[in-house]
Amino acid sequence: MINITQGMEVAELRNLLVVSPGGQYEDTALIECKDAQDSSKPPTVYQAQFVKYGSIVYRFSDPRDLGAEILKLDPESSHSAAVFVRISSELLAQMSEGSLEPTALDDAKAKEQEKTAEQNPDPVPEDEVEDLPTEQTSQEPQTNDADMQATSEGSEPPEPEVSAQDPAPDVEEPDPSADAEDDSVIPEVIPPEPVVSMRRLKVISRSNT
Amino acid sequence: MALRAVEHIFTGLTTPYASYDPAKTNLGVLIQQRTGATALDKYAGPMPLGLARPMEASTAIAGAYPHVIPWDSDNDWVFLVDNGTAAATRRVIMYNYQKSTSTFTWNGFITLTFPTATNHTVRGFRMNRELYTTGTASVSGTAVTGSGTGWNSSNIPVGCRIGFGSSDPTQIATWHEISAIGSDTSITLTASAGTISSGNYVIEDLRVLVSTTNATAANGGVYMAKGLREELFAPAGTTISAASTTDGLRAVYWLADAGTVTNTISCGLAIDARDSWTQHYIYIIDGTTTTCRVYKYNIRATLGSLSSGKSTSAYVHVTAAQTPTGTVSQTNNGRIDTLSHGPANGVKSLYFVTTTRVYRAAVANLTSGNATWQSDAMVEVAPGGASTYAATGALSSCEIASQIDRLIVISTGTAGARSYVTKYNTNSDPFDHIFLVDDKQLDQSIADNDAVIHPAINATAFSVWSEGGIAYLCRLGTAATTNQMYAVPLSAHWTYAAGSANQRLITPAMSTPSASRLTRVYVNATRHIGAGTVGLPTEPYRMYFRISGISDDSGEWTLVTEDGGFTDPTPSTEIQFMFEFKVIGAFCIPARIHGVTIVYEDDTTDSHYQPSVAQSSISSKVFAWRFSTAFGGTVPTLRIRLYNATTGSLLLDDTTTASALGTWEKSTNDGAAWGSYNTTDKANDTTYIRYTPTSIADNIKVRALLTQN
């Protein structure tokens with residue numbers, strides 16, 4: 001996943017600025033850009049990874065090589081190749097130390113997902129929207145008890161986030177500024193797991209602490 | 001007569017055969033004379049093989065489906081497309097191939113950003129380069145003004161390069177990039193070109209065409225990148241953006257057949273010649289079996305209603321499905337050309353393969369909804385028939401070698417299946433040639449230095465493009481061990497050497513003064529290239545000679561026998577040799593000729609005899625010779641000629657078999673006793689022969705000449 005900010009410069013093509021909405025995009029998602037000096041020029045479209053990192057992303061066919069190069073530029077990158085390299089490195093280090101656990105891969109992936117969520121809580125889905133979890137697929141307006149009490153007492157309830165006439169909103173363009181700490185907000189699209197191919201490693205030693 | 005030898009070493013002056021010169025070595029189109037530090041480096045023959053290693057370039061990209069554009073007489077642009085794991089982008093690599101040195105130079109690559117971000121696999125790849133030179137142009141700064149030009153209406157895209165001062169791109173010293181096309185007579189450059197008065201110019205319109213299949217089926221189809229130029233193919237790569245809503249830019253456009261694309265099972269992309277600046281057709285074979293049909297697009301159509309880089313404006317029509325026999329391969333399958341033989345003589349046709357057949361579809365039949373668009377097919381029958389080589393049943397693609405008017409039919413290479421070069425026929429005749437072998441040699445850079453590069457099959461298909469007689473064969477591997485591209489002078493093959501493109505090596509005229517008999521010719525050639533276990537033999541050659549019609553190249557050629565002997569020609573004062581080479585073979589390693597030597601007898605005394613003063617007699621008019629060198633068998637018929645040494649007139653001409661004008665005798669004891677002449681070989685060092693004319697005038701000076709008859 002790549003974090004794109006609207007208005008950011010395209011790497012290596014500084015005259016181009018991003019016009020697509022900001023957010024977390026798939027590495028290969030297409031981002032619309034425009035010439036900063038000449039707005040009459042028609043827009044151009046590049047992949048998110050190219051916008052962020054430039055042509056280096058096309059110089060390596062092996063994700064390990066690509067990930068290593070991206071990490072040199074951006075140690076905290078959430079590009080799938082960078083994530084793959086980080087996870088691989090971590091697991092290899094654990095194996096070298098003899099501390100590799102059966103859950104190591106899942107733990108590493110979860111850690112990356114957490115990191116990605118912290119960086120950008122509301123990724124921009126590429127195509128169709130995945131079904132929301134049950135709580136949010138409800139067609140009923142989202143009002144709280146206080147609002148309903150106010151209604152029954154005749155006072156005008158605060159305008160619900162979703163009108164009673166409208167279905168639950170599609171999640172095609174979530175507000176990137178949504179409060180990530182709101183427990184009722186469940187991530188609308190689960191960030192894709194990094195592509196990691198790992199053999200199940202035999203635990204050589206285990207310390208009981 | 002004495003034995004003489006005349007030698008020619010291939011180090012002297014040369015001339016193209018088209019400018020025939022009997023005083024020089026004459027070289028056919030693909031024949032070269034090379035030099036170097038050692039004697040082995042100095043030779044003549046078909047150009048040596050060239051080799052490129054895409055996976056060992058500074059950016060390793062597995063390359064496939066070569067497309068070649070000739071730049072000048074010595075250089076070809078060679079393009080490959082990304083054959084790596086399917087991805088949302090595909091890269092296109094560019095090499096320069098210099099024929100005089102057989103050297104590939106990796107220029108770099110571009111990356112195509114497709115308007116769909118799902119994973120593409122390229123099934124067909126072509127490059128297209130058109131030169132626009134209509135009218136004249138002048139420049140002031142970045143403003144270019146045309147006269148008699150039609151830049152906008154000819155759909156020249158932004159991003160192309162333009163050069164001034166000539167309409168020949170090889171003569172352009174400085175290229176400029178087009179940043180905008182205002183009208184038919186107005187262009188804006190990206191940077192100032194100074195002031196240039198009105199004159200010739202050239203715009204180079206370079207495009208990439210790919211047909212893909214996609215992980216999301218409806219995202220496959222035909223894509224075109226336009227507005228390209230050579231300089232974009234850089235070592236660091238240049239990324240071409242996806243198009244959006246505007247035509248005529250440097251971008252990747254999706255040429256869709258419909259809102260939801262149906263051209264989703266592409267097998268290859270065939271490109272026809274351009275009809276006009278607004279009409280240029282390509283054909284996509286779609287479907288491998290029961291749904292096999294052909295889509296037609298106009299790549300120079302104005303792309304209207306562009307949305308997210310996609311337009312249906314280029315789409316023309318699609319035939320109906322017609323099931324072929326066998327399965328149509330999806331490896332750059334399909335080529336348009338006009339052969340000059342067989343059932344397709346003079347008919348522009350689309351040629352493609354299934355696993356078991358080569359199909360032909362006349363282009364004129366590729367019409368909308370036509371369910372009988374396939375014209376005919378050629379069954380795979382290997383040379384020698386099925387009892388010599390089993391049919392592979394694994395045909396992969398075909399290419400047309402225009403210079404020799406033949407098809408190059410490539411197999412998948414599975415289980416070492418070989419490939420073919422052949423005429424097109426529909427009567428089940430065997431193919432003409434079979435070539436390549438699977439000897440498993442790896443031609444990566446770390447291979448043994450003594451190994452010889454050659455296109456080994458390695459159980460992998462090749463893809464091929466033929467340009468100017470050179471077959472560019474790219475093995476479709478994806479690793480450094482197996483992804484190589486070879487330049488093979490295929491059309492120099494001896495079967496076609498006398499064709500419209502002469503592919504012969506012809507020596508200068510070699511002087512044979514006073515030759516009375518041509519004895520033998522010896523060739524100094526490299527028979528084995530490389531060294532040790534990994535060395536390989538070259539392909540064979542054959543040699544011809546002529547002793548007349550040398551000065552004006554009118555003489556007929558006669559084949560020299562394998563032992564270098566001659567079939568009793570009447571010698572002349574000069575002789576000339578010609579070589580033809582086998583190239584379509586197992587290893588395709590052309591022969592290298594270092595030199596040729598002709599040995600002949602002249603009109604001096606035969607070298608087996610020495611005139612003997614002691615045994616001759618002026619008074620008795622006896623002429624004697626010592627038998628100095630044995631023949632190694634029966635003595636051939638000897639001939640004596642007596643000349644008036646003063647006037648040169650011939651006084652007597654007789655042979656040992658006729659003995660009409662004198663007596664032949666022989667002595668084996670130093671002349672102590674003379675007996676009848678016989679043809680027994682030399683017995684000892686005291687063996688003599690003598691001749692006594694029956695009648696000869698007195699008081700004349702006589703020169704006696706003893707030769708073989």
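The values are calculated or read from the model by the stated rules, or taken from the named source; none is laboratory data. As the structure is a prediction and not an experimental result, all values here were calculated from the model. Using ideal geometry, Cβ is built from the backbone for each residue, glycine included, and neighbour counts are taken over all protein chains shown. Keep in mind that these areas ignore ligands, DNA and RNA; they rest on the heavy atoms of the full protein, side chains included. Shrake-Rupley method; radii C 1.70, N 1.55, O 1.52, S 1.80 Å.
Okay, residues lined up against (1) crowded, with 17+ Cβ neighbours inside 10 Å; (2) out of contact with any Lys or Arg (no Cβ under 9 Å at 6 or more places or on another chain):
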position: B:Q171; (1), (2): no, yes
position: B:I178; (1), (2): yes, no
position: B:I187; (1), (2): yes, yes
position: B:S197; (1), (2): no, yes
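Return yes or no: is A:S77 in a loop (DSSP other than H, G, I, E, B), within 24 Å of B:F109 (Cβ to Cβ) and among the hydroxyl-bearing types (S, T, Y)?
Here the answer is yes, as A:S77 does meet what is asked.
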Checklist outcome for this item: When the range B:42-91 is checked residue by residue, the ones that are among the small types (G, A, S), within 14 Å of chain A (Cβ to nearest Cβ) and in a strand (DSSP E or B) are B:G63, B:A64, B:A87
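Just a yes or no: is a residue in the range B:105-120 closer than 21 Å to B:E230 by Cβ, open to solvent by 20 Å² or more (accessible area, probe 1.4 Å) and either in contact (Cβ under 8 Å) with a residue 12 or more places away in the chain or out of contact with any Phe, Trp or Tyr (no Cβ under 8 Å at 6 or more places or on another chain) (or both)? Let's see the steps before the verdict.
Taking the range B:105-120 first, the residues closer than 21 Å to B:E230 by Cβ are B:105-113.
Okay, now just the ones that are also open to solvent by 20 Å² or more (accessible area, probe 1.4 Å), so B:105-107.
Filter once more, so that each one left must be either in contact (Cβ under 8 Å) with a residue 12 or more places away in the chain or out of contact with any Phe, Trp or Tyr (no Cβ under 8 Å at 6 or more places or on another chain) (or both): B:106-107.
Yes: the range B:105-120 contains one or more residues that are closer than 21 Å to B:E230 by Cβ, open to solvent by 20 Å² or more (accessible area, probe 1.4 Å) and either in contact (Cβ under 8 Å) with a residue 12 or more places away in the chain or out of contact with any Phe, Trp or Tyr (no Cβ under 8 Å at 6 or more places or on another chain) (or both).
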Checklist entry - Just wondering, is there one or more residues in the range A:96-106 that are within 14 Å of another protein chain (Cβ to nearest Cβ), among the aliphatic types (A, V, I, L, M) and not in a helix (DSSP H, G or I)? => result no
Checklist entry - Tell me, which residue of the range B:664-709 that is assigned to a loop (DSSP other than H, G, I, E, B) and among the charged types (D, E, K, R) is farthest from the chain's Cα centre (by Cα)? => result B:D698
Item to check | Hits in the range B:3-36 - residues which are touching a residue at least 24 places away in the same chain (Cβ under 8 Å), β-branched (V, I, T), part of a strand (DSSP E or B) and more than 15 Å from B:G595 (Cβ to Cβ) | outcome: B:I31
Checklist entry - Counting just the residues of the range A:11-32 that are at the interface with chain B (Cβ under 8 Å from one of its Cβ atoms) and part of a strand (DSSP E or B), which one comes out surrounded by the fewest Cβ atoms within 10 Å (Cβ to Cβ)? => result A:E32
Next on the checklist: So, B:T149, is that one part of a helix (DSSP H, G or I) and among the β-branched types (V, I, T) or not?
Outcome noted: no
Item to check | A:K41 being at pLDDT 95 or above, within 14 Å of chain B (Cβ to nearest Cβ) and either open to solvent by 40 Å² or more (accessible area, probe 1.4 Å) or over 26 Å from B:P235 (Cβ atoms) (or both) | outcome: no
Checklist outcome for this item: Among B:T533, B:T561, B:T495, the single one that is in a helix (DSSP H, G or I) and surrounded by fewer than 16 Cβ atoms within 10 Å (Cβ to Cβ) is B:T533
Checklist entry - In this structure, does B:A660 turn out to be part of a loop (DSSP other than H, G, I, E, B) and either farther than 16 Å from B:S616 by Cα or among the basic types (K, R) (or both)? => result yes
Checklist outcome for this item: Scanning the range B:275-295 for residues that are farther than 15 Å from B:V208 by Cα and open to solvent by 30 Å² or more (accessible area, probe 1.4 Å) gives B:D275, B:S276, B:W277, B:T278, B:Q279, B:T288, B:T289, B:T290, B:T291, B:R293
Next on the checklist: Between A:A68, A:A48, A:A82, which is among the small types (G, A, S) and either within 14 Å of chain B (Cβ to nearest Cβ) or out of contact with any helix residue (DSSP H, G or I) (no Cβ under 6 Å at 6 or more places or on another chain) (or both)?
Outcome noted: A:A48
